[in-house]
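Single-structure report; data block below.
Any read-out appearing in this document is the output of simple, stated calculations on the displayed coordinates, not a laboratory observation. Quantities reported herein were computed from a predicted structural model and do not represent experimental measurements. All Cβ positions, glycine included, derive from the backbone under ideal geometry; neighbour counts span all protein chains shown.
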Amino acid sequence: MLRPVDRDPMNLETLQLFRRAMGPHSRLDDPDVVHDFLKRVSDSLAGNKTNGPRLKGIRTQALFAQLILAMDGCELMLTVDAGDIYTDGFISSGDFLLTLRDGRRLLVEVKTVSRSYNGNGKINIERSANKSLRAKEVNGLRRAATLLGAEPFYAAYYEFVDHWALIRLEDLTPKGSNYTLKFSQDMVRNHMGDLGDRSIGVEPPIEIRSYPRAGHEPDLGAASEEGLYSVRIDRRTVHVGGKLITDPKDAEFAKFLGLYGHWAPKTVPAILGNKISYVSLYSEPEEPVEGQGFQIIGPLSYLFSRYFMVHTINNNRKPTALDIEATPSLIADFLARAPRDRQFPTWQFNMKPASTKASAGHSDR
């Protein structure tokens, strides 16, 4: 599992920023220079707080980095879009240099394909599923990858569906003299499986039960005028496929699946007599596939992207944070444990394009 190298960005990187920002005037013994630097940093942060596209780009890069850690398909990840860059010709540096567990090296440029709306407030599918790329930028990424001995890729985050596509540069869709990221084609050419992405299946339903304090269960007639009940939650239990999950790590992963997967949770109260004994957050597929013991709840990249977005934007989709404190080890730890050590089985499918060998789906059973 990847671990961060122990570095203190507030020390080393602050000094490097001071050197690069102030250039030949980077005199630490001049109070006016130091004051000017701090003011420029403050002004830049204040200005960027309202720069929606820039904030979105930074957040998407942070999300991709967290995905790499969660899916655990790499031996090394380096950010390459910061610091000094010197070149004898135009390059597009990319965002991440990855070394996969099979030894391949990938230079990845991360792109957000933003959600677009019509005048009536509804999502415009056509604009939300396409993003143009200039030929100069694409050729610059190709040249940088060649110089680094890596394969050039674009990682496209399609915001309107919370799905990722990792596309080889050579598979980009031509558009006149330029190129385009196109959702319908990129899903077929998707190499996210190379990074450890996989679709997860479990036995439905996933249920999170919230119990009031014993003796304080609300009466059915105690709702407010708005139809709300005042309840103090005493404990919660998690169930998968009708089985109570008691292991804390397994329960957390099950909650993660139920809250952020494709199955839309429903709130269902359990009534005993005239009292609400508990409230269930109940997740199951709307159209289950008959005749199998599991149902697909979604790819890891989709699940984690929804988790990340919930923790970095508000209800108006305005950014509140650029990254999350929680580490993605919740996913990697669960999947790394032997099936016999888990309290519920999963079915995992590593999907790859037809041009490469796809791993057959496997289950814990």
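A few notes on this one:
- Part-to-part distance (alpha-carbon centres) for the stretch 234-261 and the stretch 1-47, which is given in Å: 44 Å
- In terms of its C-alpha gyration tensor, the stretch 272-348 has an oblate overall shape, because the principal axis ratio a/c (a ≥ b ≥ c, square roots of the eigenvalues) is not below 1.5 and a/b does not outweigh b/c.
- Relative to its residue count, the stretch 12-195 spans a Cα convex hull of 153 Å³ per residue.
- On Cα atoms only, tilt of 248-260 relative to the major axis of the chain in degrees: 80 degrees
- GNM result for the chain, Cα springs below 10 Å: residue of 287, 325, 225 fluctuating most strongly: 225
- Per-peptide average of other Cβ atoms within 10 Å, ordering 19-28, 193-202 highest first: 193-202, 19-28
- Residue-normalised convex hull volume from the C-alpha trace of the stretch 103-225: 216 Å³ per residue.
- To the nearest ten degrees, helix 31-48 and the longest principal axis of the Cα atoms of the chain are 50 degrees apart.
- Per-bin percent of Cα-Cα distances, the stretch 199-363 [5 Å]: 1, 8, 14, 17, 17, 15, 13, 9, 4, 2, 1, 1, 0
- Peptides ranked, highest mean first, by Cβ atoms within 10 Å: ranges 205-217, 144-156: 144-156, 205-217
- Relative contact order, percent, the chain [alpha-carbon distance under 8 Å, six or more residues apart]: 16 percent
- Residue pairs, from the table 49/111; 49/182; 122/175; 111/352; 243/266; 255/275, whose Cα atoms sit over 28 Å apart: 49/182
- Approximate shape of the chain as ellipsoid semi-axes (Cα gyration tensor, √5λ), whole Å, largest first: 41, 28, 21
- Added length on full extension, which subtracts the Cα-Cα distance from 0.36 nm per residue, residue 351 to residue 127: 78.0 nm
- Residue-averaged [θ]222 nm for the chain, counting only DSSP H segments that reach four residues, each worth -39500 (n - 2.57): -8500 deg cm²/dmol
- Between 0 and 90 degrees, the angle of helix 300-310 with respect to the longest Cα principal axis of the chain falls at about 90 degrees.
- Across the options 185, 77, 28, the greatest Cα extent toward the positive end of the charge dipole of the chain (unit charges at beta carbon of Lys, Arg, Asp, Glu) belongs to 185.
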